[in-house]
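Structure first, commentary second.
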Amino acid sequence: MTQPSVILVTASYDHTIRFWEAKSGRCYRTIQYPESQVNRLEITPDKRYLAAAGNPHIRLFDVNSSSPQPVMSYDSHTNNVMAVGFQCDGNWMYSGSEDGTVKIWDLRAPGCQREYESRAAVNTVVLHPNQTELISGDQNGNIRVWDLTANSCSCELVPEVDTAVRSLTVMWDGSLVVAANNRGTCYVWRLLRGTQTMTNFEPLHKLQAHDGYILKCLLSPEFCEPNRYLATASSDCTVKIWNVDGFTLEKTLVGHQRWVWDCVFSVDGAYLITASSDATARLWSVSTGEDIKVYQGHHKATVCCALHDGAEPSPC
């Protein structure tokens, strides 16, 4: 198979993973995933592999193959894997699970290399752009920074007691972190470098973004500059685009009929892909707020999406 320049993938409660031609909306590959739902999808920086986080496994699929079989399976979690991502040069993968752990996996070796105990179901994990800290959010409302150099938890904060942190996102330059919770609130902090390697959180803003749950929050990528946006996807069926300068509402994306579970920016921040319980994914123009394309083919809720439309990965 020739590799498409834009890789767009969705997964659904119908136990399939679908690859789409972004412009035409045609589904050109379907992988059956019978053993569990897929909670999260992530594409490796080199565009070669797709990670599918299920219950309790993570499977790695070859993007450029038509084979339905995974090329690797990562198996030491004991419950739903809710978060998965890759270090910038693709050597290792991180994950977070409802089993209460954050794990690191060397893609070139079998088994889990490191494990951190969060003591509550982990909903979200992001890698700081410095590539040396993971930030996790859990069901009890805890946010923890895991210092990979010191191999320990270097920081812990609770923005709202007993309110689950659903999603975390870090600005590409490491300047901001946003946490979204089950009450429709986004907490925004500046990230300051301390005298040690530890990241310090300075409260910047509290944004009441939605009346329902926020299921995903996402800051815009580097090539979106000088514009800086925050996207929030919600159970109220909308996605909102906020200007990070003052956190004013830029656009409300209206069109999905049910919960919006996931969203991902294009590499230049001009477009947003969303995944919804209405069984569709949509492509939106961030500047106009209009939907350009609807991806139809799943038979049940579409709960996660992944997009890689960039060039080769930038060096770490």
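The values are calculated or read from the model by the stated rules, or taken from the named source; none is laboratory data. Just so it is clear, the model here is predicted, and its values are computed rather than measured. Using ideal geometry, Cβ is built from the backbone for each residue, glycine included, and neighbour counts are taken over all protein chains shown. The area values use the complete protein model at the heavy-atom level, side chains included, leaving out ligands, DNA and RNA. Shrake-Rupley method; radii C 1.70, N 1.55, O 1.52, S 1.80 Å.
Summary table
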read-out: Output for segment 130-180, where each listed residue is closer than 20 Å to TYR213 by Cα and in a loop (DSSP other than H, G, I, E, B); value: GLN139, ASN140, GLY141, ASN142, VAL158, PRO159, GLU160, VAL161, ASP162, THR163, ALA164
read-out: Members of segment 78-113 found to be among the small types (Gly, Ala, Ser) and not in a strand (DSSP E or B), listed by number; value: GLY90, GLY100, ALA109, GLY111
read-out: Boolean, LEU134 is touching a Phe, Trp or Tyr at 6+ places or on another chain (Cβ under 7 Å) and in contact (Cβ under 8 Å) with a residue 40 or more places away in the chain; value: yes
read-out: Residues (touching a Lys or Arg at 6+ places or on another chain (Cβ under 9 Å), surrounded by fewer than 20 Cβ atoms within 10 Å (Cβ to Cβ) and in a loop (DSSP other than H, G, I, E, B)) located in segment 17-32; value: LYS23, SER24, GLY25
read-out: Tally, over segment 1-15, of residues that are modelled with pLDDT of 95 or more, open to solvent by 10 Å² or more (accessible area, probe 1.4 Å) and within 19 Å of the chain's Cα centre (by Cα); value: 1
read-out: Filter result for GLY269 (assigned to a loop (DSSP other than H, G, I, E, B), in contact with a helix residue (DSSP H, G or I) (Cβ under 6 Å, 6 or more places away or on another chain) and either at positive phi or in contact (Cβ under 8 Å) with a residue 24 or more places away in the chain (or both)); value: yes
read-out: Residue check for SER266: touching a Pro at 6+ places or on another chain (Cβ under 9 Å), of a type in the set (Ser, Thr, Tyr) and either open to solvent by less than 30 Å² (accessible area, probe 1.4 Å) or under 20 Å from GLU21 (Cα atoms) (or both); value: yes
read-out: The listed residue being over 25 Å from VAL188 (Cβ atoms) and under 20 Å from the mean Cα position of the chain (by Cα), out of TYR94, TYR74, TYR116; value: TYR74
read-out: Filtered residues of segment 261-309 (kept if under 26 Å from GLU225 (Cα atoms), among the hydroxyl-bearing types (Ser, Thr, Tyr) and within 17 Å of the chain's Cα centre (by Cα)); value: SER266, TYR271, THR274
read-out: Any chance GLY255 is without any contact (Cβ under 8 Å) to a residue 12 or more places away in the chain and not in a strand (DSSP E or B); value: no
read-out: Scope segment 201-211; condition touching a Cys at 6+ places or on another chain (Cβ under 7 Å) and either open to solvent by 40 Å² or more (accessible area, probe 1.4 Å) or in a loop (DSSP other than H, G, I, E, B) (or both); matching residues; value: ALA209
read-out: Tally, over segment 134-143, of residues that are open to solvent by less than 10 Å² (accessible area, probe 1.4 Å) and over 19 Å from PRO221 (Cα atoms); value: 5
read-out: Residue that is surrounded by 18 or more Cβ atoms within 10 Å (Cβ to Cβ), in a strand (DSSP E or B) and not polar (S, T, N, Q), where the choices are CYS304, CYS237; value: CYS304
read-out: Count - residues of segment 212-234 that are under 16 Å from ALA179 (Cα atoms) and in a loop (DSSP other than H, G, I, E, B); value: 3
read-out: Of the criteria (1) modelled with pLDDT of 95 or more; (2) more than 14 Å from CYS305 (Cβ to Cβ), which one LYS23 fails; value: (1)
read-out: Residue within segment 106-116 that is open to solvent by less than 20 Å² (accessible area, probe 1.4 Å), under 22 Å from TRP172 (Cβ atoms) and touching a strand residue (DSSP E or B) at 6+ places or on another chain (Cβ under 6 Å) present; value: no
